[in-house]
1. Within segment B:139-175, how many residues are of a type in the set (S, T, Y) and part of a strand (DSSP E or B)?
2. Looking only at segment B:82-101, which residues are buried (at least 20 other Cβ atoms within 10 Å of the Cβ) and within 25 Å of A:H45 (Cα to Cα)?
3. Output the residue which, of all residues in segment B:35-47 that are facing chain A (nearest Cβ under 9 Å), assigned to a strand (DSSP E or B) and touching a residue at least 24 places away in the same chain (Cβ under 8 Å), is surrounded by the most Cβ atoms within 10 Å (Cβ to Cβ).
4. Just checking: which of the strands (runs of 3 or more DSSP E) contained wholly in segment B:71-136 hold 2 or more residues that are touching a residue at least 40 places away in the same chain (Cβ under 8 Å)?
5. Filtering segment B:176-188 down to residues that are part of a helix (DSSP H, G or I) and within 8 Å of another protein chain (Cβ to nearest Cβ), which residue is farthest from B:I122 (Cα to Cα)?
6. Residue by residue through segment A:3-15, note down the ones that are touching a residue at least 40 places away in the same chain (Cβ under 8 Å) and either buried (at least 17 other Cβ atoms within 10 Å of the Cβ) or facing chain B (nearest Cβ under 7 Å) (or both).
7. From (1) in contact with a His (Cβ under 8 Å, 6 or more places away or on another chain); (2) crowded, with 19+ Cβ neighbours inside 10 Å; (3) within 7 Å of another protein chain (Cβ to nearest Cβ), pick out the condition that doesn't hold for B:T162.
8. If you check B:L31, B:L60, which single one turns out to be at pLDDT 95 or above and over 26 Å from A:R70 (Cα atoms)?
Protein chains: 2
Amino acid sequence: MKKSPLIADKEGWRTVREESKYKDKYVEVTLDEVFTPTRPDKPAHWTVVHRKTAVIVAPLTAAGELILVRQERIPARLHQWEFPAGQVDEEDSTDEAVVRAAALRELREETGYELAADGELINLGVSFSSPGFTDEHCHMYLAKGVVHSKEGTAYDDGEGITDCRAFTRGEFRRMVAEGELNDAHTLSLYARMCARGIE
Amino acid sequence: MKKSPLIADKEGWRTVREESKYKDKYVEVTLDEVFTPTRPDKPAHWTVVHRKTAVIVAPLTAAGELILVRQERIPARLHQWEFPAGQVDEEDSTDEAVVRAAALRELREETGYELAADGELINLGVSFSSPGFTDEHCHMYLAKGVVHSKEGTAYDDGEGITDCRAFTRGEFRRMVAEGELNDAHTLSLYARMCARGIE
């Protein structure tokens with residue numbers, strides 16, 4: 001898998017070796033040997049699960065509602081509400097324009113919504129899923145001003161999407177408070193929105 | 001790895017097969033064959049990365065400050081601030097008392113803080129790291145009222161913890177807003193706090 005510059009070696013980090021132990025279309029497991037900023041003399045050894053770069057979008061309507069999709073998540077045996085999200089399949093996932101296009105594509109395919117003519121796709125940074133074991137990270141966007149698209153949704157049964165609904169901000173906040181929303185990327189995006197006063 | 005009841009088969013879910021493809025001390029990769037609520041006739045096939053149950057704690061002092069640790073995260077090649085967190089090593093990670101004890105242990109070992117005599121450990125539910133590929137989930141707690149413990153910290157160099165500091169709520173909020181905090185579990189816990197008005 002092509003590496004995002006976000007997880008490339010930077011000051012103080014030097015990768016000596018990455019030994020592939022398992023690989024399929026979805027994940028690769030490597031044993032890494034790495035010099036780190038605080039361990040410049042003796043490399044650390046670590047198991048790393050590699051995943052493609054991801055995108056997630058908080059779709060906000062002019063009426064102030066947030067759009068969620070309900071999706072079956074096989075690894076967690078859960079059927080739950082989340083913001084629309086997906087992976088960046090293009091090789092050049094390091095290009096901001098490619099990542100933005102992937103975000104708009106996932107928005108449209110999973111919810112049937114698209115940015116309005118006067119809508120705005122606002123970059124809210126990145127979150128790392130679980131940086132103790134995986135390099136997976138997710139670019140977060142607020143799609144401010146979304147409307148129904150002419151094309152509608154486009155996903156196959158394999159994705160396990162079963163519903164899509166608009167929620168008021170009050171409903172959404174209650175679902176976060178009461179633990180009905182428990183996808184870390186959906187929660188991370190909401191955290192960024194709260195801290196920026198977009199709540 | 002022992003399964004948490006959170007990821008056991010429940011209504012509509014039936015696991016036919018889990019074929020182990022890779023396993024070490026830290027992760028196990030299986031190929032699962034699973035009937036899901038919306039696919040009762042034809043099982044889905046999915047790659048799943050298994051991890052132990054995790055815990056994360058937001059330590060809040062009487063003065064209203066939040067305690068963070070700075071940690072090297074090898075998979076992400078990052079050296080960043082996070083809430084103290086760790087894994088539940090005990091076999092019986094399904095017992096709430098065991099999970100709470102793990103949360104208090106991680107708090108003390110990583111920060112040197114402990115609950116004050118009149119402190120309270122408040123359960124804020126769970127977040128799933130990235131339920132499209134892993135069963136990893138993290139029990140989130142607010143440790144309301146923490147003080148320096150007599151024992152101090154207890155971690156080894158391998159954990160890559162390099163600093164621990166108290167941050168005012170304003171500083172913390174700014175770090176979330178500006179993308180200085182980007183660990184999904186730290187952000188998820190903050191989202192739950194915001195939604196409950198604990199911000």
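1. As a first pass, look at segment B:139-175 and keep what is of a type in the set (S, T, Y): B:141, B:149, B:153, B:155, B:162, B:168.
Still in the running and part of a strand (DSSP E or B): B:141, B:162.
Here the count works out to 2.
2. Taking segment B:82-101 and keeping what is buried (at least 20 other Cβ atoms within 10 Å of the Cβ), we get B:82-86, B:88, B:93, B:99.
Residues satisfying the conditions are B:E82, B:F83, B:P84, B:A85, B:G86, B:V88.
3. Step by step, filter segment B:35-47, then rank; the result is B:T36.
4. Values: elements: B:78-82, B:85-87, B:113-128.
Hits in segment B:71-136: B:78-82, B:113-128.
5. Taking segment B:176-188 as the starting set, the residues that turn out to be part of a helix (DSSP H, G or I) are B:176-177, B:184-188.
With within 8 Å of another protein chain (Cβ to nearest Cβ) added as a condition, the list becomes B:176-177, B:184-185, B:187-188.
Working: B:V176: 22, B:A177: 25, B:A184: 20, B:H185: 16, B:L187: 17, B:S188: 15 Å.
Selected residue: B:A177.
6. Those that are touching a residue at least 40 places away in the same chain (Cβ under 8 Å) and either buried (at least 17 other Cβ atoms within 10 Å of the Cβ) or facing chain B (nearest Cβ under 7 Å) (or both): A:S4, A:L6, A:I7.
7. (2)
8. Working: B:L31 fails: over 26 Å from A:R70 (Cα atoms).
It is B:L60.
The values are calculated or read from the model by the stated rules, or taken from the named source; none is laboratory data. Treat the numbers as computed from the prediction; the structure is a model and nothing was measured. With ideal geometry, Cβ positions are generated from the backbone for all residues, glycine too; neighbour counts draw on all protein chains shown.
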